[in-house]
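Working notes for the structure below.
The values are calculated or read from the model by the stated rules, or taken from the named source; none is laboratory data. Since the model is a prediction, treat every value here as computed from it, not as a measurement. No Cβ is skipped: glycine too gets one built from the backbone with ideal geometry, and neighbour counts run over all protein chains shown. Heavy atoms of the whole protein, side chains included, go into the accessibility calculation; ligands, DNA and RNA do not. Shrake-Rupley method; radii C 1.70, N 1.55, O 1.52, S 1.80 Å.
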Amino acid sequence: MPQAIAYLNGRFLPINEARVPIEDRGYQFADGVYEVILVQRGKPFRLHDHLKRLQRSASEVRIPLPESLETLEQIVLEGIRRAGYESQLVYIQVTRGVAPREHLPPPHLKPTLVLTFREFEPLPQRLYDEGVALLTYPEIRWLRCDIKTILLLPNVLAKMEAVDQGFFDALFVLESGEITESTAAAFGVIRRDTVVLPPLGPRILPSITRSLLYQVAPRAGLRVVEQPLFVRDLAQVDEAFLASTTKHVLPVVRVDRQVIGSGKPGPATRRLLEAFLAFLDQELGG
Ligand SMILES: Cc1ncc(COP(=O)(O)O)c(C=O)c1O
C-alpha cells in the first residue's frame, strides 16, 4: 500500500515517526532552505533543476549541503519508490543543524536533511475552469526572495488574509504598485500574443515552472518578454495567470476588484496550460 514517508538524516521512516530536536535552527530561526518537486507516473519532473536551485539557495545562506547532488537524487528516487504513489510531492528541507540557541552558529555544524514523500492532490478542476481571484498585499518579505528559504511567515500571513477575504491567494505588491509574485507562485499576464513576466531579481523566486514557459509558450503561439508589471496595468491586459510546480498554469480572472479581460479564463492561458501539460507528459515519457 502506498504511504506517506519521510527521510531524516540517512533513514527512511513513516512520516509520523520522524522527529527533529527542538534546538534545530530551522525550528528556532527559520534557518534553512527547501524545494518542492512534482512526481507524476512515479517520475520526478525537472529534478535536476530543483536540486541545482537547492544547491544555490544553500550556498547563498552558507549552509553546506550534507550530500552531493548525485546522492540527493538517489534519495529522492528511492523515496518515490518506497512511498509508491503515482502522483507525489517531494519536499526537501536542509536546515543549518542543531545547536543551543545563539544567532551565531557554532562552526562545523551538521545540517539536518529532511525529505517527505506525500500523495499529490491536484487543485480542483473548477479552479482551472473558472479562474481565481487574488488580493493585493503589501510586499513585506525580505530582500532575498530569490533564495528559497523556509522563512515564509509573510507568505502565510498574506495567504490567510486573502482567504479570510474570500480570495484564492495574495499577490505581493511594492509601494510603487509594482507586482512581484504570489505567496507560492510566479505571476504573469498576457497581452495579445505576448506573455509578460516581471523581471527576475532579489524580489522574486526564479520559478522553475516560469522558466519553462520560455520553451512552452512558442508551442502555444505566444512569445515571452520580461517587463515590470504594475497593478494599474491590469486594466489593460487580456489574461493573467499563476505558475508553479503544484498549479502548473492557473488562470487569474480578478485582482482585488479589477476584472482581468473578460473575467473568464482566456484562450491564451488555456493554450499555455495545455502546452505545459503536454511538455510535462513528454518529459516524463508519456
Ligand atoms: C514564492 C514562490 N514563488 C514562485 C514559486 C513557483 O516556483 P516553482 O515553479 O519552482 O514551483 C513558488 C513555489 O513554491 C514560491 O513559493
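Annotation for the stretch 169-176: no member residue is touching a strand residue (DSSP E or B) at 6+ places or on another chain (Cβ under 6 Å), within 11 Å of the ligand (Cβ to nearest atom) and closer than 23 Å to L47 by Cβ.
In the stretch 266-286, what residues are within 16 Å of R126 (Cβ to Cβ) and touching an Asp or Glu at 6+ places or on another chain (Cβ under 7 Å)? If the condition is that a residue be within 16 Å of R126 (Cβ to Cβ) and touching an Asp or Glu at 6+ places or on another chain (Cβ under 7 Å), then T269 is the only one that fits. Scanning the stretch 2-17 for residues that are open to solvent by 30 Å² or more (accessible area, probe 1.4 Å) and assigned to a loop (DSSP other than H, G, I, E, B) yields P2, Q3, N9, G10.
Taken over the stretch 18-39, the residue count meeting the criterion of being touching a Pro at 6+ places or on another chain (Cβ under 7 Å) and open to solvent by less than 50 Å² (accessible area, probe 1.4 Å) is 2. Can you confirm whether I150 is within 14 Å of the ligand (Cβ to nearest atom), open to solvent by 20 Å² or more (accessible area, probe 1.4 Å) and out of contact with any Asp or Glu (no Cβ under 7 Å at 6 or more places or on another chain)? So I150 fits the description; yes. For the stretch 117-126, the set of residues classified as open to solvent by 30 Å² or more (accessible area, probe 1.4 Å) and of a type outside the set (K, R) consists of E119, E121, P122, L123, P124, Q125, listed by residue number.
Of the residues R191, R219, R141, which single one is away from the ligand (no atom under 13 Å from the Cβ), surrounded by 15 or more Cβ atoms within 10 Å (Cβ to Cβ) and charged (D, E, K, R)? Exactly one of R191, R219, R141 is away from the ligand (no atom under 13 Å from the Cβ), surrounded by 15 or more Cβ atoms within 10 Å (Cβ to Cβ) and charged (D, E, K, R), namely R191.
Restricting A235, A162, A170 to residues that are closer than 16 Å to V252 by Cβ, assigned by TED's automatic domain parsing to the domain that holds E139, modelled with pLDDT of 95 or more and surrounded by fewer than 20 Cβ atoms within 10 Å (Cβ to Cβ) narrows the list to A235. Checked against (1) within 15 Å of the ligand (Cβ to nearest atom); (2) in contact with a helix residue (DSSP H, G or I) (Cβ under 7 Å, 6 or more places away or on another chain); (3) of a type in the set (D, E), E181 passes all but a single condition, namely (2).
Per the listing I204, I190, the residue uniquely within 26 Å of F45 (Cβ to Cβ) and part of a loop (DSSP other than H, G, I, E, B) is I204. Based on this model, can you work out whether L250 counts as within 12 Å of Y128 (Cβ to Cβ) and within 16 Å of the ligand (Cβ to nearest atom)? Judged against the criteria, L250 is a match.
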